[in-house]
Amino acid sequence: MTADKNGAPSEDFQNLLTKADRYFEAENWAAALNYYQKAYDLKRSFGLNFALVKTLLALSEVNTAVKVAQEYEDLYIEDGSEKLQVYCNLLGDDHQFIAALRLLPNLTTKMLQQMTQTAIEAMMADYQQIASAKIERTIKASFELVNGTNEKNLAVIAELKRLPLSDYVVALRLVTTNTYIHPLYKAELLSFIAPLKVAETMPMQWFGEDKTVRLDKLPESHQTPALTAAVKEIQTQAHLDLFLEKTAVETLNLQFLLLYPFSDTVVTDPQAWAQVLLQQIQALSGVKTQNQGYTTLIQWQKRLSDLIDQLIY
């Protein structure tokens with residue numbers, strides 16, 4: 001026994017683990033959870049996190065189990081075996097179907113991938129059967145992205161991400177074809193589904209243009225080679241001005257997010273784009289800059305700046 005900060009006796013870590021394991025084997029889940037939690041409070045680890053998650057699942061405490069597991073999400077993904085399979089199924093139980101499907105390639109064997117995919121697909125089918133009215137309301141909520149506050153819109157997006165895959169695609173089509181929904185929300189919803197390589201083509205309203213999006217060809221990130229080249233140019237041109245560099249790189253990332261998934265059709269010359277961006281930032285700070293005649297780039301960056309301001313104000 002050791003003493004706690006108030007001088008009262010407390011059980012040591014190993015003794016807590018021994019009791020927790022004993023109660024778990026006896027299927028006394030409540031007692032096991034109590035001792036695992038005490039041990040976890042003393043010394044956190046991935047292994048103990050997994051024990052907690054399994055115990056919470058045995059008690060049907062799905063929401064709490066998800067929150068606990070997410071503390072070590074990177075290690076579940078790195079594990080790639082049965083622990084990741086449990087985590088994927090846990091996400092499915094929490095109606096985070098697409099989030100679970102996104103993790104399937106990290107499972108180390110084809111058998112695990114197929115078993116887990118089958119389980120997630122069954123969960124989606126069951127959910128569609130029992131929650132059809134809720135699914136319909138969630139899909140219709142996509143229209144709220146037109147006029148909602150940024151905070152409310154993020155909440156709507158979080159709910160859309162919990163839809164079964166086929167219903168998510170229906171909602172996504174409503175979003176991409178709506179001229180009045182902010183490009184950042186379209187980008188967020190498109191990039192979320194990108195890793196799944198869904199064989200679906202849909203129209204998209206993008207900066208006043210009619211575009212076509214192939215979901216199986218979507219870039220998995222806004223971080224394209226053009227962005228990498230533009231960042232490199234900013235680092236070169238900033239001349240060790242760390243504040244200027246930081247501001248420019250942050251703005252650049254926002255710009256590429258707004259332009260997703262067609263950023264490379266706009267930023268065809270990353271070096272010129274970076275130079276214009278630096279000029280715009282320096283002009284705002286009162287530093288005189290020379291206009292190099294990049295009229296189209298200046299116009300594009302003004303449009304993107306206005307869209308960023310809409311999210312802030």
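Only one of 163, 190, 145, 154 is closer than 24 Å to residue 89 by Cα, of a type in the set (A, V, I, L, M, F, W, C) and either open to solvent by 20 Å² or more (accessible area, probe 1.4 Å) or assigned to a helix (DSSP H, G or I) (or both). Can you tell me which?
After ruling out the rest, the residue left standing is 190.
Do we have residue 228 as under 25 Å from residue 203 (Cα atoms), open to solvent by 80 Å² or more (accessible area, probe 1.4 Å) and either at pLDDT 95 or above or touching a Leu at 6+ places or on another chain (Cβ under 9 Å) (or both) here?
no
So residue 138 clears everything in (1) out of contact with any Gly (no Cβ under 6 Å at 6 or more places or on another chain); (2) among the β-branched types (Val, Ile, Thr); (3) outside any helix (DSSP H, G or I) except one condition, right? Which one?
Single failed check for residue 138: (3).
In the stretch 38-48, what residues are open to solvent by less than 70 Å² (accessible area, probe 1.4 Å) and assigned to a helix (DSSP H, G or I)?
Matches in the stretch 38-48: 39, 40, 46, 47, 48.
Which residue pairs have Cβ atoms closer than 7 Å, lie 6 or more positions apart in sequence or on different chains, and pair a first residue in the stretch 158-175 that is of a type in the set (Ser, Thr, Tyr) with a second residue that is at pLDDT 95 or above?
Qualifying pairs under 7 Å: 168/98; 168/160; 168/193.
Every residue in the stretch 119-135 that is part of a helix (DSSP H, G or I) and either under 23 Å from the mean Cα position of the chain (by Cα) or surrounded by 14 or more Cβ atoms within 10 Å (Cβ to Cβ) (or both), please.
Result: 119, 120, 121, 123, 124, 127, 128, 134, 135.
Here is a list: 183, 219. Which entry is under 30 Å from residue 279 (Cβ atoms), within 18 Å of the chain's Cα centre (by Cα) and open to solvent by less than 40 Å² (accessible area, probe 1.4 Å)?
183
Results for (1) under 18 Å from the mean Cα position of the chain (by Cα); (2) open to solvent by 60 Å² or more (accessible area, probe 1.4 Å), shown as yes or no for each residue.
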{"site": "70", "(1), (2)": "yes, yes"}
{"site": "73", "(1), (2)": "yes, yes"}
{"site": "80", "(1), (2)": "no, no"}
{"site": "85", "(1), (2)": "no, no"}
{"site": "100", "(1), (2)": "yes, no"}
{"site": "104", "(1), (2)": "yes, no"}
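The values are calculated or read from the model by the stated rules, or taken from the named source; none is laboratory data. All values derive from a computational prediction rather than experimental measurement. Neighbour counts are summed over all protein chains in view; Cβ atoms, including those assigned to glycine, are modelled from backbone coordinates with ideal geometry. Just the protein is used for accessible areas: all its heavy atoms, side chains included, with ligands, DNA and RNA removed. Shrake-Rupley method; radii C 1.70, N 1.55, O 1.52, S 1.80 Å.
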